[in-house]
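Notes follow the structure.
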Amino acid sequence: MTHSMMEERTEAEQRLKERYAKIEMRQQVWMFTFTILLTLFSFGTVIAYQQEIEGFSRYFVLPVIFLLGAVQVGVQLYYFMHLKEKGHGIPQYFLYMGMIFGALLPLAMLTIVWW
Amino acid sequence: METNERFTKETWPAHPETATLEGKNKFLGFWLFLGGETILFATLFGTYLALRNSGPSGYEFTTQNLFDLKLVFAMTLLLLTSSLTSVYAIYHLRNYNFRGVQFWMAMTALLGTGFLMFELYEFVHYVKLGFTFGSSAFSSAFFTLVGTHGLHVAVGLVWVTLLILRNAKRGLNLYNAPKYYTFSLYWHFIDVVWVFIFTVVYLMGVIS
C-alpha cells in the first residue's frame, strides 16, 4: 500500500472551490442557452427562406446556417467538452487535424463526382 | 493516489478524471479516438453531399419534399439538452456528489432515448413511403450517415446504462471518475456531429 498523497483542502479553500464550480456551471448554462438560440436562428432563417420572405435568398441563408453551425460547434467543443481548459493541447491538435482532413475529404469526393 | 481510496469533499481532487495515470491515458486516448471519429463522419458527409438527390430518373424523393423540420427541431432540442444534463453530471463528478452524477447521467440517457425514438419513427416513416436503404444513391447515403450517427447514440445509451448500474453500489472514486468523464466526452461529440447533420442534411436539404 503506497503512502497516500491526498491533499485536504481547508474550509476556506473548499468554499472557494464550490463557489468557482457554481460560477462555472452558470457559465455552462448560458452557453447552452446560446446554442439553443443559434439553433433557433438557423431554423428560423430556413423557415424564412421557405416562406419566401424578402432578402432570404439561398445565397444568404446557406452561408448563415453554416456560420451558425460552426459557432455552435465551437461553443460545444470549448465549453461543454472543456477544450479551453489547461491540458488540452494535444486533443486540440488532433481535433483540428481531424477537421482539416474532414474538410478536405468531402471536398475531394464532391470534386471527383461532380467535376 | 490509490484508485480505490475513500475520499471526502475536501480531499477529492479538482480534476478527478485525470488524477490517476490511467485517467490521464484514457483522457488522451479518447480525444485521439474522437479525432478519428471526425474523419469517419467526414467521409460519410462527403459521400452524402456527393450523392444527395441522386437516384433513378423520375425519382420522386428529393431533400426538399422529404424532410420535416419540426421533427428535426424537436430531436435537436432533445439532444442538446441531453448534452447539458451530462455537463451537470460532470459538475457533480468534480464536486464529489455521486447521487448527482447518477441522476444527471440517467436524465441524459432518458433524453437520448427520446431522440432515438423520434429518429426511429422518422426512418420507419420514410421506409413506408418507399424511401429505403436500397432504393437510390441518395437514400443509401442518407441512411448510412444518419443511421451511423443513430447507432453511435444507441451505443452511448447502452454505455451510460451500464455505467449507472455497475457503479450504483460503488460510489464515486478514482476508478469510475475517468469512465464517466470519457462517456461525457463521447456524448458531446455525437451532439457536435448532430449539429453538422441537421445543418448539412436537413437545413441545406430544404433549400433548393
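Taking the stretch B:1-17, which residues are touching a Pro at 6+ places or on another chain (Cβ under 8 Å) and open to solvent by 40 Å² or more (accessible area, probe 1.4 Å)?
B:1 - this is the single residue of the stretch B:1-17 that is touching a Pro at 6+ places or on another chain (Cβ under 8 Å) and open to solvent by 40 Å² or more (accessible area, probe 1.4 Å).
List every residue pair whose Cβ atoms sit under 9 Å apart, with the two residues 6 or more apart in sequence or on different chains, where the first one lies in the stretch B:68-92 and is more than 7 Å from chain A (Cβ to nearest Cβ) and the second, anywhere, is open to solvent by 50 Å² or more (accessible area, probe 1.4 Å) and of a type in the set (D, E, K, R).
The qualifying pairs are B:92/B:99.
Would you pick out the residues in the stretch A:1-55 that are more than 26 Å from the chain's Cα centre (by Cα) and more than 9 Å from chain B (Cβ to nearest Cβ)? Please lay out each step first, then the result.
Initially, the stretch A:1-55 is screened for residues more than 26 Å from the chain's Cα centre (by Cα), giving A:1-16, A:50-55.
Listed by number, the residues that qualify are A:3, A:12, A:15, A:16, A:51, A:52, A:53, A:54, A:55.
Could you tell me whether residue A:95 is open to solvent by less than 40 Å² (accessible area, probe 1.4 Å) and closer than 20 Å to residue B:34 by Cβ?
Values: open to solvent by less than 40 Å² (accessible area, probe 1.4 Å): yes; closer than 20 Å to residue B:34 by Cβ: yes.
So residue A:95 passes the test.
Residue B:106: more than 30 Å from residue A:49 (Cβ to Cβ) and away from chain A (no Cβ under 12 Å), yes or no? So that I can check it myself, show each step before the final result.
Values: more than 30 Å from residue A:49 (Cβ to Cβ): yes; away from chain A (no Cβ under 12 Å): yes.
Yes; evaluated as a whole, the condition is true for this residue.
Table: residues versus (1) acidic (Asp, Glu); (2) open to solvent by 20 Å² or more (accessible area, probe 1.4 Å); (3) under 22 Å from the mean Cα position of the chain (by Cα).
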| position | (1), (2), (3) |
| --- | --- |
| B:23 | no, no, yes |
| B:39 | no, yes, yes |
| B:47 | no, yes, yes |
| B:54 | no, yes, no |
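Scan the stretch B:106-125 and tell me whether some residue there is touching a Lys or Arg at 6+ places or on another chain (Cβ under 6 Å) and either open to solvent by 20 Å² or more (accessible area, probe 1.4 Å) or in contact (Cβ under 8 Å) with a residue 12 or more places away in the chain (or both). Working first, answer last.
Of the residues in the stretch B:106-125, the ones touching a Lys or Arg at 6+ places or on another chain (Cβ under 6 Å) are none.
Within the stretch B:106-125, not a single residue is touching a Lys or Arg at 6+ places or on another chain (Cβ under 6 Å) and either open to solvent by 20 Å² or more (accessible area, probe 1.4 Å) or in contact (Cβ under 8 Å) with a residue 12 or more places away in the chain (or both).
Select from the stretch A:23-52 the residues that are open to solvent by 70 Å² or more (accessible area, probe 1.4 Å) and among the polar types (S, T, N, Q) and list them in ascending order. Give the derivation first.
First, pick out the residues of the stretch A:23-52 that are open to solvent by 70 Å² or more (accessible area, probe 1.4 Å): A:23, A:26-27, A:30, A:34, A:37, A:40-41, A:47, A:50-52.
Once the filter is applied, which keeps residues that are open to solvent by 70 Å² or more (accessible area, probe 1.4 Å) and among the polar types (S, T, N, Q), the stretch A:23-52 yields A:27, A:50, A:51.
Considering (1) in contact with a Leu (Cβ under 9 Å, 6 or more places away or on another chain); (2) surrounded by 17 or more Cβ atoms within 10 Å (Cβ to Cβ); (3) at pLDDT 95 or above, say which one residue B:204 fails and leave the rest.
(3)
Of the numbered conditions (1) buried (at least 20 other Cβ atoms within 10 Å of the Cβ); (2) under 16 Å from residue B:167 (Cβ atoms), residue B:97 satisfies every one except a single condition; which is it?
(1)
Can you report the number of residues in the stretch B:1-39 which are within 30 Å of residue B:142 (Cα to Cα) and either in contact (Cβ under 8 Å) with a residue 40 or more places away in the chain or assigned to a loop (DSSP other than H, G, I, E, B) (or both)?
Within the stretch B:1-39, residues that are within 30 Å of residue B:142 (Cα to Cα) and either in contact (Cβ under 8 Å) with a residue 40 or more places away in the chain or assigned to a loop (DSSP other than H, G, I, E, B) (or both) number 4.
The values are calculated or read from the model by the stated rules, or taken from the named source; none is laboratory data. The model shown is predicted, which means the values in this text are computed figures rather than measured ones. Cβ sites come from the backbone with ideal geometry, for glycine too, and all protein chains shown count toward neighbours. Just so you know, the surface numbers come from the protein's heavy atoms only, side chains and all, with ligands and any DNA or RNA stripped out. Shrake-Rupley method; radii C 1.70, N 1.55, O 1.52, S 1.80 Å.
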